């Protein structure tokens, strides 16, 4: 049962804490605001651009950006994902930030893959906030698992397209390792955050 509401849970954390639908949605939104504040992702007066997509992560990202735009002096702009979207063109549109939708799952896979390939010098690209040619790139969902993001989309009745992506060997390995050792993906991402916090 949900510890707060004593109703049927929809999600259970690895520490056995359970949340009902209402509490899970509250947890998700609260963590978004925490992530944005912690990494100083968006400032008042900012214009946040995001790519149009029907993937569940992108749909939830759009929902979260709408939410934060209601509470402050922040504007959001949607545009198609085209190869010609350069930082110069984005600045011409007045965009100060680009929001992307990587999750813990996605970043853990990419971090481990880079380490295996011996490309550790480029790990900074997986940080929740970075600057790319004068544009601030932010990842508000980077502290969430795919399972949490997908559940939020379903609980809120958001329309998204089920996109089946063939997983590589690293992703399959991490998925299996996560089943036996829960939180390993989060540990990979947190290790990266700690490493760059000290530098």
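Residues in the range 140-172 that are touching a residue at least 12 places away in the same chain (Cβ under 8 Å) and over 19 Å from the mean Cα position of the chain (by Cα) were compared, and the one that is surrounded by the most Cβ atoms within 10 Å (Cβ to Cβ) is 170. Candidates in the range 122-139 are the residues that are within 23 Å of residue 173 (Cβ to Cβ) and surrounded by fewer than 19 Cβ atoms within 10 Å (Cβ to Cβ); of these, the one that is modelled with the lowest pLDDT is 122. Among the strands (runs of 3 or more DSSP E) confined to the range 25-128, the ones with at least 3 residues that are more than 14 Å from the chain's Cα centre (by Cα) are located at 47-51, 75-79. Taken across the range 75-90, residues that are surrounded by 20 or more Cβ atoms within 10 Å (Cβ to Cβ), within 13 Å of residue 50 (Cα to Cα) and modelled with pLDDT under 85 do occur, with at least one present. Within the range 129-154, the set of residues being in contact with a strand residue (DSSP E or B) (Cβ under 9 Å, 6 or more places away or on another chain) and in a helix (DSSP H, G or I) comprises 147, 148, 151.
The values are calculated or read from the model by the stated rules, or taken from the named source; none is laboratory data. Note that this is a predicted model, so its numbers are computed, not measured. Quick reminder, even Gly has a Cβ in these numbers, built from the backbone with ideal geometry, and neighbours come from all protein chains shown.
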